[in-house]
Amino acid sequence: MSLGFRNRLALFLVATLAVVQLLTGATVYSFTRQALIRQGQAELVQSADQFDRQLETLSQRLAEGGKILSLDYALRQAVAGKEHATVLSALRNFGRRIGAARMLLVNLQGGIEIDTERPRDGGGEAGAFAYPALLDAAAADGKAAAVGVLDGRVHRMVVVPVLAPTPIAWICILVPVDDAFTAELRSLSSLAKSIAIVAETAPGAWGVVAATETVLEPLRDLPPPGRMVRREPEVTLLAGDEYLVMATPVRAAEGSPPVVAVLQYPLAEALRPYKPMAVWLGVLLAAGLAAALVGTVLIARGVTRPIAELATVARRIEGGDYAAPPALPDRDEIGQLSAALGSMARAISEREERIRHQATHDAATGLPNRARLEELAGALAGAGRPAALLLVGIERLREIVNTLGHEVGDRLMAEAGARIAATVGGGAPVARVADTALAVLLPGAGEAAAMEAAGRIDAAFDAPYVEGDLSVDLAVAVGVALCPGQGCGPATLLQQADVALYAAGRADPPVALYDAATDPHRPERLSLMGELKEAIEQDVLALHYQPKLDLQAGRVMGAEALVRWIHPKRGFIPPDSFIPLAEQTGTIRRLSRWALGTAARQLSAWGGQRLGLRLAVNLSVRDLADPALPDHVAELLAQHGLPPERLILEITESAIMGEPDAAIAVLKRLADRGVDLSIDDFGVGQSSFAYLRRLPVKELKIDKSFVLKLAQEKGDQAIVRSIVEVGHSLGYKVTAEGVEDEGALALLRSMGCDCAQGYFIARPLAAPAFGDFLAGTSWPPVRLPAEETV
Ligand code: C2E
Ligand code: CA
Ligand code: CA
């Protein structure tokens, strides 16, 4: 989980402050404590050092008192006179006066003569004084003092001689070292401390002989009496509190068991004056923390709120919203960041706009491109609105570009776009969808409006393109696709318009509406072509034969071969629905070769029956692009031993119009081999007789549209008559197809037409049926002369 910038900042500042404060507190405490310990140690050492001196001072005072006593005349008399009772009472009085609990009178031999504590009733020998060295010292100095253990108790001892004028005895003043004494000692020191006096009260064991009431465990950590040395002050924990503890041996009289003073210095008590300071430090810490917390939250909010706002802006930019970020004062980094974000958003938006424009427009003409058009078409289709797509192909543009250069070509396209836009009006989008094609989308247009607009576009290109001295004639073709139609996807629409454009290129005026029936790109059509190939290979197709009647001779002179395809699943498929497809996909060449082969076999069979019939086979314009065709035909004829004039090849008028010289060369080579050429569907195309004369043609086949109602239509009669007349005058034979009634047949005969073909004579017939027809008809077929061999 992330904490967020603000919280992390606050946490960091507060933690840092707390650590610094705690460290400060700890340092202050530790320094104070160390100083106190050092001070305490020094004081303890000093106290210990003074201890003996204080003892000395106290003893001196005792000694002074003792001295006064020893000089007392009466006492000296009494001692000298061995008046025990007098001496005892004098000692007792004196002892009481100076606070000595016990007084001894020791004789020169060191024996205790009188002991105020143990007065002997009848005299008798008392014990020897335990510290004879003390007596010697008193003899030398006039007095001696020491601490020593006597009868298991520690005493201060002062010895003074009784002089007369030489020493005649010793007075020993004994003051017990007791609690009062330790209290007195403590009061002499500046330091609040506890004192205990410890002595070897039993052999090898320490015992406390006196102590201030504040002393704790004075015997702790003491080495055994035999090895006792001074112990320097040490920090020791006593009853949960820290104490400085020092133990120092007291100078004792020679022969005395060791006596030790234990000094304790309570550190906690010494630290007590500093307690308020600690409290203050704590308060300061808390206040500092609170201030830091508030400060960081405020600062962090000042930083994070604009950052959070900028983050929102950044997300907006990511989402494509380039509105300017909130204005922040430019002073600080965040203000600069905001300004940078703003200019970044502007730059991105501009660049995106540029890229969008490039992506949706044609660079050369500035017109929308195919992607843009598809986008618009898609939007319309998505909204369920009808629309028409008009694809305008600029004819000969490649030639123009090759001659005048790409720049002229691009400018020409731009002007073409402008002309189209001006023609259709209404702001309809005109796009360049291919090198040589522009497209315009007409929202809401149905078939009539679309075709009308297409016609106007065609007319708009009557005027040439002019640039300086240059004038270029323009020609266009317009393919129209409709939505709703066969499919409304933008790509489909464009493809359909393309198919229509192809058809428009061959139409007059050059405008065509998409017709699914002739669309070679429809998937089912493609599969149909595959199946057609298979049908050709497996010889499933058949040729039917429609008789041709020689009108003047009244004989069946031949037939036209027409392909029949019975599809295993679809049944009969009329040639009109697969021949155009086969032409567009190139399959027609195989079909033609198959038809030629089959026709040759049929001719050969007829020859065997001594029939001299001629057979017309239909060729497509694409066959003329095959330079090997003439040789193939010649080979076929030779193979079956057929004279070439038995074969007629039909080419539609529209197919050979405007075809390249190569196609015409193929026609010529076919004619050279003796095969007759016939112009099929004559009269519907644009051919002129002048053009036809360049071709090696033998026959004109008048289109059935002029023949079907010939008996009824005077106009048709006029047309047919003139075709027959002009054809004859140019040396062509003339055939009429589509003869459906006797009237037409009679008219044709009267007009001098050479041949007739049509349902009135016979429908196209399978080979056996054709045989039956020949056998039953009143028009006898042309027979071969007996000598001619096949
Ligand atoms: P086409 O060459 O003009 O063939 C004549 C068409 O007119 C045939 O249609 C025929 O059945 C029909 N017809 C004949 N007499 C009459 C009549 O009295 N009244 C009417 N209404 N129609 C008549 P079909 O067989 O459907 O062939 C259509 C087209 O298919 C042909 O037109 C031809 O262009 C093409 N075609 C047929 N077979 C072949 C072929 O083997 N090769 C090529 N390249 N094209 C072929
Ligand atoms: Ca024909
Ligand atoms: Ca025809």
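Yes/no matrix, rows are residues, columns are (1) closer than 30 Å to Phe129 by Cα; (2) without any contact (Cβ under 8 Å) to a residue 60 or more places away in the chain; (3) in a loop (DSSP other than H, G, I, E, B):
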site	(1), (2), (3)
Pro249	yes, yes, no
Met277	no, no, no
Trp280	no, yes, no
Leu284	no, no, no
Ala300	no, no, no
Leu310	no, yes, no
So which pairs qualify, if the first residue must be in the range 726-744 and modelled with pLDDT of 95 or more, the second must be within 16 Å of ligand 2 (Cβ to nearest atom) and in a helix (DSSP H, G or I), the Cβ gap must be under 6 Å, and the two must be at least 6 apart or on different chains? Glu737/Lys704; Gly738/Lys704
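Can you tell me which residue in the range 707-716 is farthest from Tyr732 (Cα to Cα), limited to those that are touching a helix residue (DSSP H, G or I) at 6+ places or on another chain (Cβ under 9 Å) and away from ligand 1 (no atom under 12 Å from the Cβ)? Walk me through it before giving the result.
First, the residues of the range 707-716 that are touching a helix residue (DSSP H, G or I) at 6+ places or on another chain (Cβ under 9 Å): 707-713, 715-716.
Filter again for away from ligand 1 (no atom under 12 Å from the Cβ), leaving 711-713, 715-716.
On the way: Ala711: 24, Gln712: 26, Glu713: 24, Gly715: 22, Asp716: 20 Å.
That would be Gln712.
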Residue, surrounded by the most Cβ atoms within 10 Å (Cβ to Cβ), within the range 447-475, restricted to residues that are over 17 Å from Ala421 (Cβ atoms) and of a type in the set (Val, Ile, Thr): Val472
Any chance you could count how many residues in the range 673-695 are outside any helix (DSSP H, G or I) and closer than 24 Å to Arg506 by Cβ? 15
Subset of the range 717-746, residues in contact with a helix residue (DSSP H, G or I) (Cβ under 8 Å, 6 or more places away or on another chain) and in a strand (DSSP E or B), comes to Lys733, Val734, Ala736, Glu737
Scan the range 697-704 and give yes if some residue there is farther than 17 Å from Met557 by Cβ and outside any loop (DSSP other than H, G, I, E, B), otherwise no. yes
Residues that are within 19 Å of Phe770 (Cα to Cα) and within 16 Å of ligand 2 (Cβ to nearest atom): find the strands (runs of 3 or more DSSP E) completely inside the range 490-580 holding 1 or more of those. 542-550, 555-567
In the range 623-670, which residue that is without any contact (Cβ under 8 Å) to a residue 60 or more places away in the chain, small (Gly, Ala, Ser) and within 23 Å of Trp606 (Cβ to Cβ) is farthest from ligand 1 (Cβ to nearest atom)? Ala638
Is it the case, given these coordinates, that Ala559 is closer than 30 Å to Val478 by Cβ, among the aliphatic types (A, V, I, L, M), in contact (Cβ under 8 Å) with a residue 24 or more places away in the chain and surrounded by 13 or more Cβ atoms within 10 Å (Cβ to Cβ)? no
Which of the residues belonging to the range 764-790 are out of contact with any strand residue (DSSP E or B) (no Cβ under 7 Å at 6 or more places or on another chain) and within 16 Å of ligand 3 (Cβ to nearest atom)? none
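Please enumerate the residues belonging to the range 353-389 that are without any contact (Cβ under 8 Å) to a residue 12 or more places away in the chain and farther than 16 Å from Ala445 by Cβ. If you could, list the steps in order and put the result at the bottom.
Applying the first criterion (without any contact (Cβ under 8 Å) to a residue 12 or more places away in the chain) to the range 353-389 yields 353-358, 361, 363, 379, 382-384.
Answer for the range 353-389, where residues must be without any contact (Cβ under 8 Å) to a residue 12 or more places away in the chain and farther than 16 Å from Ala445 by Cβ: Glu353, Arg354, Ile355, Arg356, His357, Gln358, His361, Ala363, Gly382.
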Provide a single number: the residues in the range 583-604 that are at pLDDT below 90 and within 11 Å of ligand 1 (Cβ to nearest atom). 1
Go through the residues of the range 764-771 one by one and say whether even a single one is more than 29 Å from Trp606 (Cα to Cα), at pLDDT 95 or above and surrounded by fewer than 22 Cβ atoms within 10 Å (Cβ to Cβ). no
Within the range 593-641, can you find the residues that are among the β-branched types (Val, Ile, Thr) and within 16 Å of ligand 3 (Cβ to nearest atom)? Val617, Val621
What about Ala286, is it exposed (fewer than 13 other Cβ atoms within 10 Å of the Cβ), more than 30 Å from Arg346 (Cβ to Cβ) and out of contact with any strand residue (DSSP E or B) (no Cβ under 9 Å at 6 or more places or on another chain)? yes
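The values are calculated or read from the model by the stated rules, or taken from the named source; none is laboratory data. From a predicted model like this one, the values you see are computed outputs, not experimental measurements. Backbone-built Cβ (ideal geometry, glycine too); neighbour counts: all protein chains shown.
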